[in-house]
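The values are calculated or read from the model by the stated rules, or taken from the named source; none is laboratory data. Here the structure is a predicted model, which means the values were calculated and not measured. We place every Cβ from the backbone using ideal geometry, glycine too, and count neighbours over all the protein chains shown. Protein only, heavy atoms only, side chains kept; ligands, DNA and RNA dropped before computing areas. Shrake-Rupley method; radii C 1.70, N 1.55, O 1.52, S 1.80 Å.
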Amino acid sequence: MSGHFFLIAEKSKIFFILQDQAEQFFRSGHTNNWAVLVCTSRFWFNYRHVANTLSVYRSVKRLGIPDSHIVLMLADDMACNPRNPKPATVFSHKNMELNVYGDDVEVDYRSYEVTVENFLRVLTGRIPPSTPRSKRLLSDDRSNILIYMTGHGGNGFLKFQDSEEITNVELADAFEQMWQKRRYNELLFIIDTCQGASMYERFYSPNIMALASSQVGEDSLSHQPDLGIGVHLMDRYTFYVLEFLEEIHPASQTNMNDLFQVCPKSLCVSTPGHRTDLFQRDPQNVLITDFFGSVRKVEITTEALSLDRDVTGFESK
């Protein structure tokens, strides 16, 4: 009898260990990932902003987020610009070894489609019924969303196409609409622009973590000048973030605190900032892949499930 009880105890111990592992597996509470990647700048001299966005696009695809869950907005087509000495390419390194445009880029909003109105409509879901699925953010209350933006900005605003701007108040209200409409579980906002920290100052909705390339009063600087093309290929902050992401794989245990340390002022020249007071979890417990990767999880239950007889009969044949 003692051996029998020992066996039961061991099985119970194993069960609780597995249950604990399952709870850790689901600790983020999300079942799907989305990314909204936005370049707001036109004109050849803003080449780096397109390269920034395409580089992030490449990284999230590599880590498992499919095109069906990415909304890519590019205000200009640098790959087909007449000034481009290497047509159909966009490079992010001055040695021109990495073409981030590639063969399978799916741009959802391009050129003059990239407006403040369209961006806000994508976030809030207030879009015409005729809008194709590829232009929609079909997230829900179990979605973790990465929103990356790059362009020219100032204290409390980000310019779109040099013709209009979105303010930090408009962005904060859009995120609140998303929360009220249960369009996200957790949201990571990253912006690479001058005075970027001003864009997250007005956020007030739950479960938002925000990062910026510069503080209020600071410029975000460019990086990787290329004499052949005649422009800078990247911005400093995004360059070092992507260098960090290259070391990440889908099973990585690297957390958000590591991302906060990516670009110190000695490298960025500007002072990157972050905001976590609205976020419920400790950033140390938030994996990079909770936002930059994709999940394909199953729900684990301890309850017995009865299968339909027709199903069991079909499987026995």
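Taking the condition of being of a type in the set (Asp, Glu) and outside any strand (DSSP E or B), how many residues in the range 173-201 meet it?
Start the filter on the range 173-201 by keeping residues that are of a type in the set (Asp, Glu), which leaves 173, 176, 186, 192, 201.
Pick out the ones that are also outside any strand (DSSP E or B) and you get 173, 176, 201.
Qualifying residue count for the region: 3.
Which numbered condition in (1) open to solvent by less than 20 Å² (accessible area, probe 1.4 Å); (2) under 17 Å from the mean Cα position of the chain (by Cα); (3) modelled with pLDDT under 90 is the only one that Thr31 fails?
(1)
Among the candidates Met209, Met234, single out the residue that is part of a strand (DSSP E or B), within 17 Å of the chain's Cα centre (by Cα) and crowded, with 22+ Cβ neighbours inside 10 Å. Write out each step before concluding.
Values: Met234 fails: within 17 Å of the chain's Cα centre (by Cα).
One residue alone meets the criteria, Met209.
Do you know which residues across the range 180-206 are open to solvent by 10 Å² or more (accessible area, probe 1.4 Å) and among the hydroxyl-bearing types (Ser, Thr, Tyr)?
Across the range 180-206, the qualifying residues are Tyr200, Tyr204.
I'd like to know if the range 133-146 contains one or more residues that are within 24 Å of Tyr47 (Cα to Cα) and in contact (Cβ under 8 Å) with a residue 24 or more places away in the chain. Walk me through it before giving the result.
The first filter runs over the range 133-146 and keeps only residues within 24 Å of Tyr47 (Cα to Cα), leaving 135, 146.
Filter once more, keeping what is in contact (Cβ under 8 Å) with a residue 24 or more places away in the chain: 135, 146.
Within the range 133-146, one or more residues are within 24 Å of Tyr47 (Cα to Cα) and in contact (Cβ under 8 Å) with a residue 24 or more places away in the chain.
Is the range 110-118 home to any residue that is touching a helix residue (DSSP H, G or I) at 6+ places or on another chain (Cβ under 6 Å), in a loop (DSSP other than H, G, I, E, B) and not acidic (Asp, Glu)? Spell out how you get there, then give the answer.
Our first condition is that a residue be touching a helix residue (DSSP H, G or I) at 6+ places or on another chain (Cβ under 6 Å); within the range 110-118, this holds for none.
No, the range 110-118 has no match at all.
Does any residue in the range 149-163 that is over 21 Å from Ala51 (Cα atoms) come within less than 6 Å, Cβ to Cβ, of a residue that is open to solvent by 60 Å² or more (accessible area, probe 1.4 Å) six or more places away or on a different chain, and which pairs are these?
Hits for this filter: Asn155/Val216; Phe157/Glu165.
For the range 141-172, give me the residue count where each residue is in contact with a Leu (Cβ under 8 Å, 6 or more places away or on another chain), closer than 22 Å to Leu233 by Cβ and not in a strand (DSSP E or B).
Total meeting the criteria: 2.
Residues that are open to solvent by less than 30 Å² (accessible area, probe 1.4 Å), in a loop (DSSP other than H, G, I, E, B), of a type in the set (Asp, Glu) and over 21 Å from Phe292 (Cα atoms): does the range 73-95 have at least one?
Taking every residue of the range 73-95 in turn, at least one turns out to be open to solvent by less than 30 Å² (accessible area, probe 1.4 Å), in a loop (DSSP other than H, G, I, E, B), of a type in the set (Asp, Glu) and over 21 Å from Phe292 (Cα atoms).
Looking at the range 218-229 only, could you name the residues that are open to solvent by 60 Å² or more (accessible area, probe 1.4 Å), under 19 Å from Met96 (Cα atoms), part of a loop (DSSP other than H, G, I, E, B) and in contact (Cβ under 8 Å) with a residue 12 or more places away in the chain?
Our first condition is that a residue be open to solvent by 60 Å² or more (accessible area, probe 1.4 Å); within the range 218-229, this holds for 219, 221, 225, 227-228.
The next check asks that each one be under 19 Å from Met96 (Cα atoms); those that pass are 225, 227-228.
With the extra rule that they be part of a loop (DSSP other than H, G, I, E, B), the set shrinks to 227-228.
Selection gives Gly228 alone.
Regarding Ser134, is this residue under 20 Å from the mean Cα position of the chain (by Cα) and open to solvent by 20 Å² or more (accessible area, probe 1.4 Å)?
On the way: under 20 Å from the mean Cα position of the chain (by Cα): yes; open to solvent by 20 Å² or more (accessible area, probe 1.4 Å): yes.
Judged against the criteria, Ser134 is a match.
For Ile127, work out the one condition from (1) out of contact with any helix residue (DSSP H, G or I) (no Cβ under 7 Å at 6 or more places or on another chain); (2) of a type outside the set (Lys, Arg); (3) in a loop (DSSP other than H, G, I, E, B) it doesn't fulfil.
Failing condition for Ile127: (1).
Just to be sure I understand, how many residues within the range 35-71 are in a strand (DSSP E or B) and either in contact (Cβ under 8 Å) with a residue 60 or more places away in the chain or crowded, with 23+ Cβ neighbours inside 10 Å (or both)? Don't jump to the end; show me each part of the working.
Filtering the range 35-71 down to residues in a strand (DSSP E or B) leaves 35-39, 70-71.
Filter again for either in contact (Cβ under 8 Å) with a residue 60 or more places away in the chain or crowded, with 23+ Cβ neighbours inside 10 Å (or both), leaving 35-39, 71.
Count: 6.
Which members of the range 165-179 meet the condition of being among the hydrophobic types (A, V, I, L, M, F, W, C) and either open to solvent by less than 40 Å² (accessible area, probe 1.4 Å) or closer than 18 Å to Leu211 by Cα (or both)? Talk me through it step by step, then tell me what you get.
Step one: of the range 165-179, the residues among the hydrophobic types (A, V, I, L, M, F, W, C) are 166, 169, 171-172, 174-175, 178-179.
Residues satisfying the conditions are Ile166, Val169, Leu171, Ala172, Ala174, Phe175, Met178.
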